[in-house]
1. Roughly how many Å is it from the Cα centre of region 121-153 to that of region 79-119, as a whole number?
2. Residues of the chain: accessible area per residue at 1.4 Å, in Å²?
3. Counting each DSSP H run of 4 or more residues in the chain as -39500 (n - 2.57), what helix-only mean residue ellipticity at 222 nm follows after dividing by all residues, to the nearest 500 deg cm²/dmol?
4. Determine how many Å³ per residue the convex hull of the Cα atoms of region 92-153 encloses.
5. Quick one: how many lysine pairs does region 21-153 have with C-alpha atoms less than 28 Å apart and a gap of 8 or more or different chains? Give me the count, please.
6. Starting from the Cα-Cα distance between Gln8 and Trp145, subtract it from 0.36 nm times their residue separation and give me the gain in nm to one decimal.
7. Which order, highest average first, do 129-135, 16-22, 103-109 follow once you tally other Cβ atoms within 10 Å for each residue and take the mean per peptide?
8. Which log10 I(q)/I(0) values does the chain give at q = 0.13, 0.14, 0.19 Å⁻¹ under the Debye formula, counting every alpha carbon as one identical point scatterer?
Amino acid sequence: MEKEPSRQSYQEYVEQITPKYNSPKNCIRAFLVGGVICTLGEIIKQIMMGSFHLKEDAAGNVVTLCLILLSVLATGLNFFPAIAKFGGAGCLVPITGFANSVAAPAIEYKKEGHVFGIGVKIFTIAGPVILFGVFTSWVFGFLYWVLKIWGIF
């Protein structure tokens, strides 16, 4: 009859295989990567406003499009995972992370065809974010409307 492992040995096993994280180091890395992305965005914005004489809002739109394009290109060239591994939330939280979450499944499932591969799987990761974002904005919009009718806002 085989002896059942003890609770303590199981805990030791869990401690042994659980990855150890250095939170201050991860925060600094996220800050640096996020800062580089924001600095790049600001450089693009200043170029758009200075050289192309765009207004601030239009330049901001160009920055968004450029960061999305760069993120999708980095994903397609398999460079984004290395940045994400190093910078963590610093590159995953901004629009670059969202673009990666749409592009990565599309690239991964393209071999299954345009409809059953890309079409079905493109929003595997981003779909819930879009769904809950739209639903939450609807709920808060409705609450705002009700509170405005009652004269609270």
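The values are calculated or read from the model by the stated rules, or taken from the named source; none is laboratory data. What you are looking at is a predicted structure, and each value in this text was computed from that prediction instead of being measured. In this analysis, Cβ positions are derived from the backbone assuming ideal geometry, glycine residues included, and neighbour counts consider all displayed protein chains. Note: accessible area is taken over every heavy atom of the protein model, side chains too, but ligands, DNA and RNA are not part of it. Shrake-Rupley method; radii C 1.70, N 1.55, O 1.52, S 1.80 Å.
1. What the calculation gives is 25 Å, centre to centre.
2. 78
3. On the way: 7 runs with 110 residues, N = 153.
About -24000 deg cm²/dmol.
4. On the way: hull volume 5.1 nm³, N = 62.
Roughly 83 Å³ of hull volume per residue.
5. Pairs that pass both the separation and distance tests number 8.
6. Extending this stretch completely gives an extra 43.7 nm.
7. Values: 129-135: 11.1, 16-22: 7.0, 103-109: 18.1.
Ranked from most to least packed, the peptides come out as 103-109, 129-135, 16-22.
8. -0.88, -0.95, -1.14
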